[in-house]
Amino acid sequence: MTTPIRSALATVAALAGLTACASAPPPPAVEPAQVPAQWHAPLPHNGSVADLSRWWQQFDDPVLAQLIDAAQAVSPTLASARSRLLQSQATRTGASAALLPTLDATASATRGRTDFVTPLATTSSAGLQTAWEIDVFGAGRAGRDAAQYRLEGAEASWHDARVSVAAETANAYLALRACEAQLVQTETDANSRAETARLTGLSAKAGFEPPATAALSRASAAQGASLLTAQRAQCDIAVKSLVALTAIDETALRAQLAAGSARIPQPAELAIASVPAEVLNQRPDVFNAARELSAASADVSQARAKRLPRITLAGSISRARVDVGDTTQSGTVWSVGPIAVTLPIFDAGLRRANVDAARARYDEAASLYRAKLRTAVQEVEQALVQLDSTAARNENARIADEGFEQSFRATEARFKGGLASLFELEDARRSAVQAHGTLIDLQRERVAAWITLYRALGGGWRTGTPVADASQDAGPTKATP
């Protein structure tokens, strides 16, 4: 091996060793977020801990699971999350490739003469060219790390989007079933008012009731019919909301919904035995915020490293052939170099400004991360309070519903016997209708609180959960955050 080649290879080896020993500038420090040591809201008891990744399958209503699967398949939110995930994968690939040498194949052919003396000649060559920016100060590695962190965050965000779509669909379905339950009650009430108006009208014609009483009964019947029409419209709107979420044809959806009409679905209960710090690890949005903070830290390191010298190395090897008249010459042509060192001297403060901007983004990411932690704790605590509240109110609401219903039936019997006035009957009717509506709203509110808690707990996501296994809808197949 010739001396120049030995010298070039020795230089490359020295630079490679320097690259291995060099480290990126230390990342900025962040003040740790304060997380409560324990929950301050009552925890639900007697719950069953199960796989929450597809918790909606544990509802006693298979239609809900089918609707959620359909909604996830067509959700633009999930499609956007998937697109961001694929973009992050491509960015990570590009950032990793920047650390390695490039290799290009080249081929050329020329025919001509370069001066008046040289005869006509044909020159051809084919070979390889390589270039490498040696990552001595860690700028490339910091860029690769930032891309990796953002990829992991994008994978967690895909899970978060999946959970959000499931919760949105479940709440829409719950609203429809509660509306149908209210519709049954409203229809019964409207029929009762209409029958009372009919009987009162007959009594008035016979002279047993004054005209004012007949007018009151007709007004009550008209009001009941109006409430019934409004309730039906509300239920139709709820159906159309599900059509928009699931992209199922409305006729087919109504047929699918017919079996469980007016039945509020009941989920499997959840048991929480962990402290807030552990629960936060289950939330993909918190994980994404933490990864974004790590990526911002790597961006700062990369911006700092770009203020330091850059070292690049190039080389080539090719097979060449020259034809001059009847003479042909061929051989291998190669080179190692140049080895170039670029030292920033003056850039009008551009690189320093890039560092300041990266640091500002890091401070922003740190603030958002701390806020996300506080929000996560808040959402779980609020869901727990709501669950405890609905549980405490349920028995009283049930007793009130039964009591007012019995009172109405008794007053109705007295009215038919001529022992109670129409005013007493309408007052008892209003109380019974209001009590039953309150009980239905309370049932809907409790199930909604379970859905909120499910979402607040991260929807069953765990670090390392494969994206493809978390849901069977049209999602990416890249594994693990």
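The values are calculated or read from the model by the stated rules, or taken from the named source; none is laboratory data. What you are looking at is a predicted structure, and each value in this text was computed from that prediction instead of being measured. In this analysis, Cβ positions are derived from the backbone assuming ideal geometry, glycine residues included, and neighbour counts consider all displayed protein chains.
Structure data summary
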read-out: Criterion (of a type in the set (A, V, I, L, M), buried (at least 18 other Cβ atoms within 10 Å of the Cβ) and over 30 Å from residue 146 (Cα atoms)) met by exactly one of 245, 280; value: 245
read-out: Evaluation of residue 292 against (1) closer than 30 Å to residue 136 by Cα; (2) touching a strand residue (DSSP E or B) at 6+ places or on another chain (Cβ under 8 Å) (one fails), failing number; value: (2)
read-out: Among residues of region 145-160, those that are surrounded by fewer than 22 Cβ atoms within 10 Å (Cβ to Cβ) and in contact with a Leu (Cβ under 8 Å, 6 or more places away or on another chain), counted; value: 0
read-out: Test: residue in region 250-259 that is closer than 30 Å to residue 75 by Cβ, surrounded by 20 or more Cβ atoms within 10 Å (Cβ to Cβ), charged (D, E, K, R) and in contact with a helix residue (DSSP H, G or I) (Cβ under 9 Å, 6 or more places away or on another chain); value: no
read-out: Near pairs, Cβ below 8 angstrom, 6+ apart or cross-chain, from region 65-82 (without any contact (Cβ under 8 Å) to a residue 24 or more places away in the chain) to any residue that is surrounded by fewer than 18 Cβ atoms within 10 Å (Cβ to Cβ) and part of a helix (DSSP H, G or I); value: 65/57
read-out: Verdict on residue 146 being under 16 Å from residue 94 (Cβ atoms) and of a type in the set (A, V, I, L, M, F, W, C); value: yes
read-out: Search result, residues across region 29-61 that are in contact with a helix residue (DSSP H, G or I) (Cβ under 8 Å, 6 or more places away or on another chain), within 16 Å of residue 450 (Cβ to Cβ) and either modelled with pLDDT under 60 or not in a loop (DSSP other than H, G, I, E, B) (or both); value: 50, 55, 56, 57
read-out: Hits in region 128-152 - residues which are in a strand (DSSP E or B) and small (Gly, Ala, Ser); value: 131
read-out: Residue within region 168-184 that is of a type in the set (Ser, Thr, Tyr), part of a helix (DSSP H, G or I) and under 37 Å from the mean Cα position of the chain (by Cα) present; value: yes
read-out: Subset of region 90-127 (residues that are in a loop (DSSP other than H, G, I, E, B), closer than 30 Å to residue 151 by Cβ and touching a Leu at 6+ places or on another chain (Cβ under 9 Å)); value: 101
read-out: Lone unmet requirement of (1) closer than 30 Å to residue 311 by Cβ; (2) in contact with an Asp or Glu (Cβ under 8 Å, 6 or more places away or on another chain) for residue 156; value: (1)
read-out: Checking residue 208 against (1) farther than 16 Å from residue 426 by Cβ; (2) modelled with pLDDT of 90 or more, the condition it does not meet; value: (2)
read-out: Residue in region 426-433 that is within 41 Å of the chain's Cα centre (by Cα), closer than 19 Å to residue 445 by Cβ and in contact (Cβ under 8 Å) with a residue 60 or more places away in the chain present; value: yes
read-out: Any chance residue 381 is closer than 30 Å to residue 456 by Cα, in contact with a His (Cβ under 7 Å, 6 or more places away or on another chain) and of a type in the set (D, E, K, R); value: yes
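Listed here are the residues, each with its yes/no results for (1) within 30 Å of residue 447 (Cα to Cα); (2) surrounded by 20 or more Cβ atoms within 10 Å (Cβ to Cβ).
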position: 292; (1), (2): no, yes
position: 297; (1), (2): no, yes
position: 310; (1), (2): no, no
position: 345; (1), (2): no, no
position: 353; (1), (2): no, no
position: 367; (1), (2): no, no
position: 374; (1), (2): yes, no
position: 384; (1), (2): yes, yes
